[in-house]
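This report concerns only the one structure given below.
The values are calculated or read from the model by the stated rules, or taken from the named source; none is laboratory data. Predicted model only: the values in this text are computed from it and were never measured. Every residue, glycine among them, receives a Cβ derived from its backbone with ideal geometry; neighbour counts consider all protein chains shown.
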Amino acid sequence: MKILVITISLIFLSDFTYADVSAYYEGKVTEVGYEAERGLIIIDNSALDDVACSGFYVDLNNHAQQVAYSTALAAKVSGARVKLRYVVDGPLYYSNCLLFQLSIVE
């Protein structure tokens with residue numbers, strides 16, 4: 001009985017705890033915007049040839065995503081390149097994908 005409970009728990013935890021995350025994409029931030037409590041981040045199109053997203057968004061009510069948005073602003077101002085990943089099959093905001101990770105690479 002104990003093994004059955006543990007097995008069922010692991011099945012449910014694996015479905016809800018981990019999101020599918022894309023590979024890394026790298027490019028320059030070309031646009032940063034704001035709409036309806038969401039920060040919008042667009043990187044150059046050459047980095048997104050095989051991506052179904054036209055850009056990325058962050059939920060500005062989430063502290064960790066506020067940090068990602070601030071990082072995108074810093075990259076835009078400085079002209080630095082960023083490396084990012086997004087949530088695959090996550091909720092879209094228009095044609096923008098939910099950002100998972102963003103960092104400055106230069």
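Residue-by-condition table, conditions (1) surrounded by fewer than 21 Cβ atoms within 10 Å (Cβ to Cβ); (2) part of a strand (DSSP E or B); (3) within 11 Å of the chain's Cα centre (by Cα); (4) charged (D, E, K, R):
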| residue | (1), (2), (3), (4) |
| --- | --- |
| 56 | no, yes, yes, no |
| 61 | yes, no, no, no |
| 66 | yes, no, no, no |
| 69 | no, no, yes, no |
| 73 | yes, no, no, no |
| 77 | yes, no, no, no |
| 82 | no, yes, no, no |
| 86 | no, yes, yes, no |
| 89 | yes, no, no, yes |
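Of the residues screened, residue 27 is one that is more than 13 Å from the chain's Cα centre (by Cα) and either under 17 Å from residue 88 (Cα atoms) or modelled with pLDDT under 95 (or both).
Evaluation of residue 56 against the conditions (1) in contact with a Cys (Cβ under 6 Å, 6 or more places away or on another chain); (2) modelled with pLDDT under 90 shows that the sole unmet condition is (2). As a summary of the residue check, residue 37 satisfies the conditions (1) touching a Leu at 6+ places or on another chain (Cβ under 6 Å); (2) surrounded by 18 or more Cβ atoms within 10 Å (Cβ to Cβ); (3) more than 17 Å from residue 22 (Cβ to Cβ) except for the one numbered (2).
In the stretch 14-28, the residues that are among the acidic types (Asp, Glu) and surrounded by fewer than 12 Cβ atoms within 10 Å (Cβ to Cβ) reach residues that are outside any loop (DSSP other than H, G, I, E, B) and at pLDDT 50 or above with C-beta atoms within less than 9 angstrom, at least six apart or across chains, in these pairs: 20/87. Just one of (1) farther than 22 Å from residue 106 by Cα; (2) among the polar types (S, T, N, Q); (3) modelled with pLDDT of 90 or more trips up residue 65, so point out which. Checking residue 65 against (1) farther than 22 Å from residue 106 by Cα; (2) among the polar types (S, T, N, Q); (3) modelled with pLDDT of 90 or more, the one that fails is (1).
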